[in-house]
Structure formats: structure tokens, C-alpha cells
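See structure below.
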Amino acid sequence: SPDRGEARQSEKTLRDWALNHDAAGQPLKWTTAINGPDKRFWEAALGEEIIRLVRTSETARPIQPNDVPTERWKDITYFNPQPKEKPGPDGAIIYRVRGAAGGDKINYDGPTASQTADMVAVKVLINSVVSDKVQFATADVKDFYLGTPLTRPEYMRIQTKHLSDEIIEELGLRPFIHNGCVIFEINKGMYGLPQAGLLAQNRLVAHLQKNGYKQSPRVPCMFRHETRPTAFSLVVDDFGIKYTAKEDLKHFVDTMEEMYELKVDLTGQHYLGITIQFAADRNSVALSMPGYVAKAIERFCPQLKRGSRSPAVYTPPKMGAQAQLIEAEVDVSPKLGTSGIKRVQEIVGVMQYYARAIDSTMMTAINQVGSEQANPTQRVLDNAMRVLAYAAAFPNNKLVLTACDMVLYCHSDCSFLSRSEARSVAGGIEYLGNKGEPTRINGAVHAFSSIIPVVVASVAEGEYGAGYMTAQHAVGTRQVLDFLGYPQPATLILGDNECAVGLANNTLKIKRSKSINMQFHWLRDRIRQGEFEY
């Protein structure tokens, strides 16, 4: 309960919250929700979902047990209803149940991985909207996974306790009941099937290609039309659309509505959880995630009273000849238990997305926690909480992208021997600017902070490795820019170590640099090819 003097929630609000969440604050599963005070509403919502699966969409059909091939009996999975409630337009609660197959028991050994546009591609696309002074809209597909024909049927068992007498009679299921359940043959995609996402995406891409929207061969889920100035990114069933004229957007919408039910937002203000605010003169755009930090604080540390002005504890450098030979401080704090490990991993997942999307200033700190989350200690948890405290101090940060010539620039740097086991950290940022203005301020479309995978023997080698890793990240960004119609000159990477610059440009004598890790010389080769300058 809240401390004395704190604002208290009403007894009803606390009761309702407790009935729908477990001790860890996570939403309860179906079995608990159906036995709660709103049981009749959940039962009605479940009935509607089963009717939709069996009759409306013809996704599943009841069959007799002997209709299941003998070799497929091991593949019969269970029905996994997932309760969801949301406020309706009049403030009343809408009870929805999403029917899913299995969850942890699906025997399918075919390909399941589907691609999505990454965050860098999305930011570059949005930056190009203000640079070209064009329009931006978003759209999402309703029931994207559903309706896609499967390459093989799947089988699912629904217990009669999930089937009311009304549903059994309305769908004629009584002849199919055996041993307290009904077996269904699934012939179309539905939630829970591991192959549903890939099959749905393949179907969508084929439909788009037939209508002139071509996917980049090198950038997953980035599309351009063959003749129209339309480009868009695709993340599962969410589109971010760059277009010039209304008829171009209409062509896209008409194409999609031939096969799907589409919801379009002409303001383009919300995409992937990001709020997008274009300036009145369309010369800049601000990206933010209002409320994201507040929800994270409420989830992980609601007792937090004050924020922190830095994402990690600052350790002053020890100057002197022996300083660089000293490894990072040994962690002797106690190991965390299972619940503590899960807590650290959840914090990393939540805050890493926010760092990648909006606030890259916490990238180094949260990635350091992530590198230790497999076997964390109390100190690792304290570091994760420090990141949350930093986010709480600056909960409404915005990433501002300004109009420019769409030329890519990079900075790289290295933190030498700053991690355990004599590891060093490489970091880099990428931003878009004007030709000949490499230090013009603009929001970063990408930032990374990673442990260099080898032990480097000197600061110069570490800086050289950081330049190599920055260039590797930049290759993908160059491909996005090229696909969107911005061919790039040699991308300039700015570093702060003259020896590393000499190694990259082959202006130093080799001598002891022969021991430098071979992979770092990839950068030297790409500079020779004219792809980068360092």
C-alpha cells in the first residue's frame, strides 16, 4: 500500500487491479480472468472469438478424432485464449479475447523468421520527409496474421469448458465432442502458430510487388513504387508512408484494401509507439515517446522519489603510466536469484528500445547492463535502476531531425580496457547533414555502444576497431539512403586518434601494428574502395 501522506488509489481501483494482475504486476492469464468478477463478459467475448474463427473467417473447422492423420497426433496443440480489455469510446470497458493456438507446444520445423524494417531505416525515412518537404502517413492492417492459407493444416483441441452450450448448439459442435473436447483443423493463419507471421508477410509482399511496390533487395521491409514517388517502411503490419500527392497515397490504400482492412492516419503522428511531431514549416520533426518512461518507472520502481542526472556512476580516470593496465573493478556483490535475473532482463528490454528510438545518451549504460544480464549480481541490478533514475530525470526527451542534404556522417570512439576481462568498448553515432558540413548538428539516426570482441593491445588499436565497427553499422544506413534515392559520397568517419587514422589510411609504417586484429583492416579496404573516409 502507498506510504502515509502519498496519494492513495480508491479501494475499487486497487481491487480491480489485483484481480487482473499477478504478484509481479503482470496481467493474469485467461484461467484467472474467466473466474473473476467479470466472468460473464469474458465468456461472451470468448464465444464471439470462437464464432469468428469457425464461421466468419473459416480459419478452423471441427473434425472427428479419426480425421487427424496418425503421424500428426503428436502435433495437436491446445487452445490458448488471451484476454484483453480496453476502454471504449464512451469510457466503458470492451472485453476482447484473442484466440491463439498453443503457445509452448507447436511442432513445426519449417522456416518461421520474418523480417521487419529496423529503427535506423525508419528514422532515415522520416528525416527524408522533412528534407524533401513531402507528406507522411501511417497505416496498420487489421487481423494481419488471419486469413493467410497455411502450407499444411494444424490441429487444435478446445476443451468443452471453453464452449458454452449456446456456442455448441450454434456451431453444431455436439457430434464432435469426444473426451471433453473438440478437435479443430486449422487451415489459415492464427495467433500462436510460429509460421503465421512469415506466411502473412510473404503473401503481403507478393501482393505489393504485383502492384508495383518493390522491396529493397538489401534493406528488409523498405519499399518504393516503380513509377510513383512513394516509399514506406513495414514493421509487421504497421506502415510508415512517405508520399507526395494524395493520388499516390490513394493508390497505396486501394492496393492494400484489395486484400486487407486498413486503418490510415493521415496525420502520421504515431508509429511504432513513437509520437511524430512535424514543425509548422516542415523543416524539422521531433520524435518522442510520451508516457513511456512513466510506465517503466511504475512497472519496475514505483517507489522512486528522485531522478539521476547521469545514466551511470562516473568513475574518474586514474592518470599515469600504469593506469591503462588496470582492469575494470571486480564485482563482488551477491548473485541475483531467478526473479532478480528476470527483473534485470525486463528492464534491459524496455529501456533498450527507448534508447534506440529516442534517447541514445543512455545507450552505453543500458548496454553494459545487457552484457551482464545472463549472470547478474546486485551491482548489475543497481546499475539498471540507475538507468531508470536517469530516464525519470528526463522523461520527455525528444529526438529532433532537421531538413538537410541527406549526407551521412559518423563519429567513432573507444573506451580502452574499461570492462572486465580486459575488454574495451566501441561507440559510434550516425547523423544526416549537408554536403561539406560534417559537424552541423542534427539528431542521430543511429547510435551504438558495444564491447570490442577481442582484447586490444593499445588505445590506437581500440580506436581503429571502433572505426571499423562504426563503418560496419554505416554500411546498412548507406544502403537505406541509396534505396530512397540519396546516393552517397564516401562517408566521413571522425575519430580522435591520429595513429588509428594513420592505420586506416595506410599512412603509417606497419612494424608492430602487424599484431592488430585482422578484421579491423576491413575498414582500410573499404577506404581504398572509396566507400569511407576516416
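General observations
- Residue within the stretch 265-286 that is among the aliphatic types (A, V, I, L, M), part of a helix (DSSP H, G or I) and touching a residue at least 60 places away in the same chain (Cβ under 8 Å) present: no
- Condition check for A231: modelled with pLDDT of 95 or more, open to solvent by 40 Å² or more (accessible area, probe 1.4 Å) and of a type in the set (A, V, I, L, M, F, W, C): no
- Screening E298 on (1) over 30 Å from S131 (Cα atoms); (2) open to solvent by 80 Å² or more (accessible area, probe 1.4 Å); (3) in contact (Cβ under 8 Å) with a residue 24 or more places away in the chain shows it passes everything except condition (3).
- So A206, is it open to solvent by less than 20 Å² (accessible area, probe 1.4 Å), within 38 Å of the chain's Cα centre (by Cα) and of a type in the set (A, V, I, L, M, F, W, C): no
- Of all residues in the stretch 354-375 being aliphatic (A, V, I, L, M) and part of a helix (DSSP H, G or I), the one that is surrounded by the most Cβ atoms within 10 Å (Cβ to Cβ): I366
- Residue within the stretch 202-218 that is of a type in the set (K, R) and touching a strand residue (DSSP E or B) at 6+ places or on another chain (Cβ under 7 Å) present: yes
- Scanning the stretch 417-457 for residues that are surrounded by fewer than 18 Cβ atoms within 10 Å (Cβ to Cβ) and closer than 20 Å to M518 by Cα yields a total of 7.
- Taking the stretch 147-158 as the range and being open to solvent by 20 Å² or more (accessible area, probe 1.4 Å) and in contact (Cβ under 8 Å) with a residue 24 or more places away in the chain as the test, the residues that pass are G147, P149, L150, T151, P153, R157.
- Considering only residues in the stretch 483-534 that are open to solvent by 30 Å² or more (accessible area, probe 1.4 Å), under 33 Å from the mean Cα position of the chain (by Cα) and among the polar types (S, T, N, Q), the one that is farthest from K214 (Cα to Cα) turns out to be N517.
- In the stretch 375-392, the residues that are within 15 Å of A296 (Cβ to Cβ) and without any contact (Cβ under 8 Å) to a residue 60 or more places away in the chain form no Cβ pair under 6 Å with any partner that is of a type in the set (D, E) and assigned to a strand (DSSP E or B), whether six or more places apart or across chains.
- Residue in the stretch 127-143 that is at positive phi, within 24 Å of the chain's Cα centre (by Cα) and surrounded by fewer than 21 Cβ atoms within 10 Å (Cβ to Cβ) present: yes
- The single residue among T470, T477 that is more than 30 Å from V134 (Cα to Cα), open to solvent by less than 20 Å² (accessible area, probe 1.4 Å) and not in a loop (DSSP other than H, G, I, E, B) turns out to be T470.
The values are calculated or read from the model by the stated rules, or taken from the named source; none is laboratory data. All values derive from a computational prediction rather than experimental measurement. Glycine gets a Cβ as well: all are built from the backbone with ideal geometry, and neighbour counts include every protein chain shown. Note: areas computed on protein heavy atoms with side chains; ligands, DNA, RNA excluded. Shrake-Rupley method; radii C 1.70, N 1.55, O 1.52, S 1.80 Å.
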